[in-house]
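Novice: Have a look at the structure that comes next, please.
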Amino acid sequence: MTCLLSLSLGTFLANAQKAIPDYSQTDRKDIPAEYKWKIEDLYASDQAWEADKKMVTSQIGEIPVRAKDWLSSAAKMLDFLQFTDNIGQRLSRLSAYSSNQANMDIGDAKLQSMNGELRNLGVDYGTKMAFFNTDVLNFGEKKFAEYLKMNPGLEPYKFSVAQIFRNSAHILPPEQDKLVSMTSLFTGATSQASSLLNNLELPPVEVKLSDGKEVQLNIANYSNFRSSKNPADRKLVMHSFWAQHAKFENTFAALIDGKMKQHLYYSKVYKYTDCLESRLFSEDINPAVYHTLITSVRSGLPLLQRYITLKKQLLKLDTFHYDDIYASAVKSVDKKYTWDEACKLVRTATTPLGPEYAKALEVSLTKGWIDIYPNKGKESGAYSSGVYGAHPYVKMNYNGDYNAVSTLAHELGHAMHSHFSNLTQPYATADYATFLAEIASTFNENLLMHEMLKEEKDDLFKLYILDNYLDQVRGTIFRQTLFAEFELAMHQKVEGGQSLTADWLNENYLKLTREYYGADKGVMEVGEYIGNEWSFIPHFYMNYYVFQYSTGLIASMALSESVLKGGPAERDRYLELLKSGGKDFPLNLLKKAGVDMTSPEPAKAAMKNFESLISEMEQIVARLKAAGKI
């Protein structure tokens with residue numbers, strides 16, 4: 001296959017109409033096997049899954065007996081910790097099998113039931129382990145240090161045990177902890193209900209496009225048609241989709257209100273100052289990091305608005321509407337990448353990470369780690385799910401555009417992080433903090449953009465690449481910080497003893513969106529219809545997760561620049577971060593890799609990088625205009 005990076009623009013445009021398989025209305029069972037991940041790598045069948053679940057259930061039943069004397073000697077302690085590790089690994093594997101399949105067909109009642117069984121089993125495990133933290137606290141740091149000297153096999157547990165002592169003020173007595181653990185039987189209901197509404201049960205609205213084609217705006221079609229070349233179609237798709245959502249805004253508001261109050265409940269039960277401290281304490285992240293992010297990104301809003309103004313110019317619009325935000329600014333380039341082409345691009349872009357990374361990446365692309373195309377009932381979006389003792393699973397909904405290629409690079413970044421962490425770390429320290437989770441993914445996106453810009457000679461294609469990357473920065477740093485600011489406001493609202501209503505949510509989301517995109521400065525017109533976009537964001541149910549998309553890209557910009565400009569030492573320092581798992585606090589691991597996220601400097605550097613790319617884009621626009629090409 002010819003490397004796309006060396007294609008001429010003529011060949012590039014000639015390939016623009018390549019067909020990408022459309023299985024969006026095809027039942028899961030009818031999707032060709034080569035396009036589906038190998039779920040059988042976890043269990044050969046549902047019967048094998050049931051057998052392992054039965055074994056884990058039996059192991060969990062042994063916990064009360066084993067717990068009676070688990071601290072009586074260093075050997076007993078190690079045996080118990082290894083025993084519970086085994087349970088944890090099995091639960092993770094069982095959950096991955098049922099949940100990943102359920103996400104492929106969210107209407108499948110059997111798979112949803114299997115997920116429910118796993119949740120119940122997890123609750124049983126949690127309640128039976130409720131004694132653990134209190135036992136460790138009573139045992140004491142000094143005694144644990146003595147056991148560690150006697151039995152070096154306890155070394156993998158040193159960091160996690162230290163966190164129990166650090167967290168002593170927030171640990172409940174066993175009987176109280178049992179009761180709180182049981183709440184996980186139902187705490188996932190709000191997010192599950194929102195997902196079912198968004199992905200399955202919300203009636204799709206039918207629209208007639210400017211070419212006469214009638215389409216149903218399900219999740220996949222909405223994502224495709226909102227970026228239409230035709231402004232009238234973009235407006236129709238966006239307004240119609242969100243008008244349909246607005247009919248259910250009170251239900252969505254009740255769900256998100258319930259979730260925020262769950263977060264508040266846990267923060268009070270575990271004696272934290274507020275929901276933000278409750279979320280960040282375990283990873284030793286000062287809440288100031290969160291607030292500094294918002295302040296730093298807000299200082300860069302003039303740059304975001306400068307980019308939007310450039311897009312308006314390229315799209316030749318009198319007024320830039322929120323409807324136009326997903327449109328490619330380079331209208332003459334309509335590139336579609338086949339799956340094989342996308343894989344080759346990711347391989348080439350990640351070459352600076354060396355042979356060890358390349359070997360693992362090749363396995364991920366060829367050995368059934370990835371579920372590629374949309375199918376009927378498949379959950380929207382993309383993710384990577386790591387499984388200790390097995391390979392990661394990457395969910396795609398690939399449609400062939402550049403964003404889909406970038407998403408592939410992104411999710412494979414996650415997969416490589418999980419792969420290297422699980423390969424290098426013992427189970428006790430393999431799970432990396434969520435603060436680090438979005439670094440490896442966006443790092444790969446950075447590499448993809450830099451490689452394509454480096455190799456491409458045609459200004460029109462370079463403009464296309466820059467627009468796509470800058471839009472990724474817009475969506476990842478600016479938009480996710482907007483989300484973070486909105487999520488903070490939601491939590492503060494319920495912390496003040498009030499409830500979230502659709503009116504309040506719409507008003508505050510719309511206000512922030514208008515501020516970020518410069519509506520008051522005439523940069524963008526943001527219609528009221530977008531006020532209920534909050535109802536479509538699943539990450540709001542994940543308790544202060546979204547800010548880490550922003551911090552992740554900010555950190556990865558610094559790290560990728562270091563690797564691209566450096567040598568083997570910089571590369572190895574980054575790979576060491578991927579291999580470190582959760583053996584230390586995330587900010588400490590990042591400092592070792594060369595980035596201090598407690599300082600505003602990485603955000604300032606990211607804004608400077610963003611500005612330089614806008615300037616490069618503006619220079620290309622000037623050259624193309626002078627040549628009469630745009």
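Novice: Could you list, in sequence order, the residues of the stretch 49-84 that are out of contact with any helix residue (DSSP H, G or I) (no Cβ under 9 Å at 6 or more places or on another chain) and not charged (D, E, K, R)?
Specialist: Across the stretch 49-84, the qualifying residues are Ala51, Ser58, Val65, Ser72.
Novice: Just for the stretch 295-327: of the residues that are touching a Ser or Thr at 6+ places or on another chain (Cβ under 7 Å) and among the hydrophobic types (A, V, I, L, M, F, W, C), which one is farthest from Ile630 (Cα to Cα)?
Specialist: So, considering only residues that are touching a Ser or Thr at 6+ places or on another chain (Cβ under 7 Å) and among the hydrophobic types (A, V, I, L, M, F, W, C), the one farthest from Ile630 (Cα to Cα) is Val297.
Quick grid of which residues meet (1) in contact (Cβ under 8 Å) with a residue 40 or more places away in the chain; (2) in a helix (DSSP H, G or I); (3) out of contact with any helix residue (DSSP H, G or I) (no Cβ under 6 Å at 6 or more places or on another chain):
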position	(1), (2), (3)
Asn250	yes, yes, no
His263	yes, yes, no
Lys271	yes, no, no
Lys311	yes, yes, yes
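Novice: Would you mind finding the one in Ala409, Ala489 that is without any contact (Cβ under 8 Å) to a residue 24 or more places away in the chain and either in contact with a helix residue (DSSP H, G or I) (Cβ under 8 Å, 6 or more places away or on another chain) or not assigned by TED's automatic domain parsing to the domain that holds Lys312 (or both)?
Specialist: Ala489
Novice: Go through the stretch 544-566 and report how many residues are over 16 Å from Phe478 (Cβ atoms) and of a type in the set (S, T, N, Q).
Specialist: The total comes to 2.
Novice: Quick check: is even one residue across the stretch 59-78 free of Cβ contacts under 8 Å to residues at least 60 places away in the same chain, surrounded by 14 or more Cβ atoms within 10 Å (Cβ to Cβ) and closer than 19 Å to Pro156 by Cα?
Specialist: Among the residues of the stretch 59-78, at least one is free of Cβ contacts under 8 Å to residues at least 60 places away in the same chain, surrounded by 14 or more Cβ atoms within 10 Å (Cβ to Cβ) and closer than 19 Å to Pro156 by Cα, which makes the answer yes.
Novice: Report whether or not Met597 is of a type in the set (A, V, I, L, M, F, W, C) and part of a loop (DSSP other than H, G, I, E, B).
Specialist: yes
Novice: Follow-up question, since we're still on this one. Scan Val297, Val289 and give me the residue that is more than 28 Å from Met452 (Cα to Cα) and not charged (D, E, K, R).
Specialist: Exactly one residue qualifies, and that residue is Val289.
Novice: Looking at (1) at pLDDT below 95; (2) crowded, with 18+ Cβ neighbours inside 10 Å; (3) among the small types (Gly, Ala, Ser), which is the one condition that is false for Gly566?
Specialist: Failing condition for Gly566: (2).
Novice: Can you tell me which residue among Ser240, Ser195, Ser168, Ser228 is outside the structural domain of Phe83 (by TED's automatic domain parsing) and free of Cβ contacts under 8 Å to residues at least 40 places away in the same chain?
Specialist: That would be Ser240, the only listed residue that is outside the structural domain of Phe83 (by TED's automatic domain parsing) and free of Cβ contacts under 8 Å to residues at least 40 places away in the same chain.
Novice: When you go through Lys143, Lys178 one by one, which is the residue that is closer than 21 Å to Ser58 by Cβ, assigned to a helix (DSSP H, G or I), more than 30 Å from the chain's Cα centre (by Cα) and among the charged types (D, E, K, R)?
Specialist: It is Lys178.
Novice: Let me ask something additional. Search the stretch 337-387 for residues being out of contact with any helix residue (DSSP H, G or I) (no Cβ under 8 Å at 6 or more places or on another chain) and part of a helix (DSSP H, G or I), and hand back the single one that is nearest to Gln89 (Cα to Cα).
Specialist: Val363
Novice: Working only within the stretch 340-374, note down all residues that are in contact (Cβ under 8 Å) with a residue 12 or more places away in the chain, more than 17 Å from Leu453 (Cβ to Cβ) and β-branched (Val, Ile, Thr).
Specialist: Correct list: Val363, Ile370, Ile372.
Novice: Could you pull out the residue among Thr429, Thr442 that is surrounded by fewer than 22 Cβ atoms within 10 Å (Cβ to Cβ), assigned by TED's automatic domain parsing to the domain that holds Asp471 and either in a helix (DSSP H, G or I) or without any contact (Cβ under 8 Å) to a residue 40 or more places away in the chain (or both)?
Specialist: Only one candidate passes the filter, namely Thr429.
Novice: Being in contact (Cβ under 8 Å) with a residue 60 or more places away in the chain, buried (at least 22 other Cβ atoms within 10 Å of the Cβ) and in the same structural domain as Leu590 (by TED's automatic domain parsing) is the requirement here; does Phe540 meet it?
Specialist: yes
Novice: Among the residues of the stretch 273-290, which ones are assigned to a helix (DSSP H, G or I) and within 20 Å of Leu436 (Cβ to Cβ)?
Specialist: Leu276, Glu277, Ser278, Arg279, Leu280, Phe281, Ser282, Glu283, Pro287, Ala288, Val289, Tyr290
Novice: Counting only residues that are farther than 20 Å from Leu301 by Cβ and among the basic types (Lys, Arg), which one in the stretch 605-629 is modelled with the highest pLDDT?
Specialist: Here the answer is Arg623.
Novice: So which of Ser562, Ser612 ends up being out of contact with any Gly (no Cβ under 9 Å at 6 or more places or on another chain), in a helix (DSSP H, G or I) and among the small types (Gly, Ala, Ser)?
Specialist: Matching residue, one of Ser562, Ser612: Ser612.
Novice: Restricting to the stretch 220-264, count the residues that are buried (at least 21 other Cβ atoms within 10 Å of the Cβ) and of a type in the set (Val, Ile, Thr).
Specialist: 2
Novice: Could you identify the single residue in Ser267, Ser278, Ser296, Ser282 that is on the phi < 0 side of the Ramachandran plot, at pLDDT below 95 and either surrounded by 20 or more Cβ atoms within 10 Å (Cβ to Cβ) or in contact with a helix residue (DSSP H, G or I) (Cβ under 9 Å, 6 or more places away or on another chain) (or both)?
Specialist: Only one candidate qualifies: Ser282.
Novice: Show the residue pairs meeting these rules: Cβ distance below 9 Å; 6+ apart or different chains; first residue within the stretch 598-610 and free of Cβ contacts under 8 Å to residues at least 24 places away in the same chain and more than 15 Å from Leu466 (Cα to Cα); second residue among the β-branched types (Val, Ile, Thr) and not in a loop (DSSP other than H, G, I, E, B).
Specialist: Between residues of the stretch 598-610 that are free of Cβ contacts under 8 Å to residues at least 24 places away in the same chain and more than 15 Å from Leu466 (Cα to Cα) and residues that are among the β-branched types (Val, Ile, Thr) and not in a loop (DSSP other than H, G, I, E, B), the close pairs are Ser599/Thr292.
Novice: Still on this structure, I have one more. So which of Ala409, Ala489, Ala390 is over 30 Å from Leu505 (Cα atoms) and not in a loop (DSSP other than H, G, I, E, B)?
Specialist: Ala409
Novice: Determine which member of the set Tyr529, Tyr541 is out of contact with any Phe, Trp or Tyr (no Cβ under 8 Å at 6 or more places or on another chain), of a type in the set (Ser, Thr, Tyr) and not in a loop (DSSP other than H, G, I, E, B).
Specialist: Tyr541
Novice: Follow-up question, since we're still on this one. Please enumerate the residues belonging to the stretch 93-107 that are in a helix (DSSP H, G or I) and either in contact with an Asp or Glu (Cβ under 9 Å, 6 or more places away or on another chain) or surrounded by fewer than 20 Cβ atoms within 10 Å (Cβ to Cβ) (or both).
Specialist: Arg93, Leu94, Ser95, Tyr97, Ser98, Ser99, Asn100, Gln101, Ala102, Asn103, Met104
Novice: May I ask you to say which residue of Val346, Val330, Val289 is over 23 Å from Leu172 (Cβ atoms) and touching a Ser or Thr at 6+ places or on another chain (Cβ under 8 Å)?
Specialist: Val289
The values are calculated or read from the model by the stated rules, or taken from the named source; none is laboratory data. Quick caveat: nothing in here was measured; it's all calculated off a predicted structure. Cβ: placed from backbone, ideal geometry, glycine included. Neighbour counts: every protein chain shown.
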